[in-house]
Amino acid sequence: MAKGIYSGGTGVFKWMFPFASMDESRLESTVNQIIDNYQDIRVRISKDPALKEQLRYSVRDTYTENFNLRRLGGYVDTLDKFLVPIDMVADYMKIMGGVGFGISTLKEIVEASFKLPYIAYYTAKTGDLVGAVTSLIYEGLSWFVPGSLLDLTNRYAKQADKYLVNTSAKKFLESIQGLEAKLAGAKEKAGGRTLAPQPA
């Protein structure tokens, strides 16, 4: 029972503060997620298990390159959750007239001061315009959802994680495909050679 309480407490803490650290447990989880989601990678690693270590390297390298992106996404989500109680109070006070709407508007202005710069940074860093537009739509929906419940979902950390997973997989595949192309070219070149005539 104590172990269950500890695990539950750890889970709540990780949800509340979605830190960007990449420990061995998270590394293995990310590698396995990529293998599960990408058939091309799964097939290659099933044929050559040694490639899994190269995939681990690709994940580590990608997370190192994009650490600030993931870290800032986690900060935005944490700040979001701290502001949710204000929205819950504002929703309650809306029945009293303009006071609740004023509090809610002020809270949205505060959120915009750190969310819009992050979305701009995310877009510049990743080139993911679709993700940026989706985030803006998401923020628009949160205005209408009571208590800003959408702000509890760790939207930005998950979005950054998805980008990092896809980028790691792409980097790994490009590396393997480049090596395969070189080996195929070398094999074709060797196969096209003609033997020099031997002296009698």
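FYI, it's all coordinate maths here, none of it is from the lab. A quick note: this is a predicted structure, and the numbers were derived from the prediction, not measured. FYI the Cβ positions are ideal-geometry reconstructions off the backbone, even for glycines, and counts take in every protein chain you see.
Overview of values
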read-out	value
Helix runs (DSSP H) in the chain reaching 30 Å along axis by Cα, Kyte-Doolittle at least 0.0	67-93, 98-126
Fully extended contour minus Cα-Cα distance, from Val110 to Leu129, at 0.36 nm per residue	4.5 nm
Computed FRET value (nearest 0.05) for Leu141 with Thr10, which takes r as the C-beta separation and R₀ as 25 Å	0.25
Sites Glu24 and Lys47 - FRET efficiency at Förster radius 25 Å, r taken between beta-carbons, to 0.05	0.50
Size-normalised alpha-carbon gyration radius of region 73-156, reference 2.2 N^0.38 Å	1.12
Computed FRET value (nearest 0.05) for Ala184 with Thr153, which takes r as the C-beta separation and R₀ as 45 Å	0.50
Ranked Asp161, Asp77, Asp36, Asp91, criterion: other C-beta atoms within 10 Å, fewest first	Asp36, Asp91, Asp161, Asp77
Compactness of region 14-116, expressed as Rg and Dmax over alpha-carbon positions, Å	20.9, 66
Helix-only CD estimate at 222 nm, as mean residue ellipticity for the chain, using -39500 (n - 2.57) per DSSP H run (n ≥ 4)	-28000 deg cm²/dmol
Charge context of Leu83, other residues only, Cβ under 10 angstrom, K/R +1, D/E -1	-3
Cα-based Kirkwood hydrodynamic radius, the chain, one decimal, Å	20.3
Length-normalised contact order of region 73-156 in % [C-alpha pairs under 8 Å, at least 6 apart]	45
Cα-centre dipole for the chain with unit charges at Cβ (Lys and Arg positive, Asp and Glu negative), debye to 20	640
